[in-house]
Amino acid sequence: MTVPGILDRLAQNARAHLYEFLRRRVFTAPAAAPWQDTDDWPDEPLHDDAGPHQPSGPLPYSAGLADAYRLLDLPFGAPLADANKRWKTYLKRCHPDRFHADPNRQADATELTQQLNTAHARIETAWKNASRSDSVA
């Protein structure tokens, strides 16, 4: 095999690997995300579209708390029960143990699970703090 033949073969392999990488990472439809590939998705939203829920003492707005609600696809101020239900639903869908055969998807699922847990903890803490401030006042 000549040098140009080897270079052509290397270029073909590089293109094939690049195509596979882009197909998996860039061109994957959102429905292929780990948390969206089961049939236990809620059929109806956990909240109404009338706006954010008002707790007995409103939650103080913060960008971090708003991001936590956004990650769980809930409006800011949705009740803790709704956040718990959505958090559990998403964890069932994207738990890393479901993807033991695919290390890449398992790594993605691990990262997403950590983000979901952090978001849930932030919402739970905000609700606990809000209920404490209501009982003091």
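Only the coordinates and a few stated rules stand behind these numbers; no lab work does. A quick note: this is a predicted structure, and the numbers were derived from the prediction, not measured. Cβ coordinates were reconstructed from backbone atoms using ideal geometry, including for glycine residues, and neighbour counts include every protein chain displayed.
Structure notes:
- Full extension of the segment from I6 to N84, taken as 0.36 nm per residue of separation minus the current Cα-Cα distance, would add 22.4 nm.
- Residue-span extension gain [T125 to A16] - 0.36 nm each, minus C-alpha spacing: 34.5 nm
- A simple spin-label model places the labels of A107 and A66 3.3 nm from each other, with each point 7 Å out along Cα-to-Cβ.
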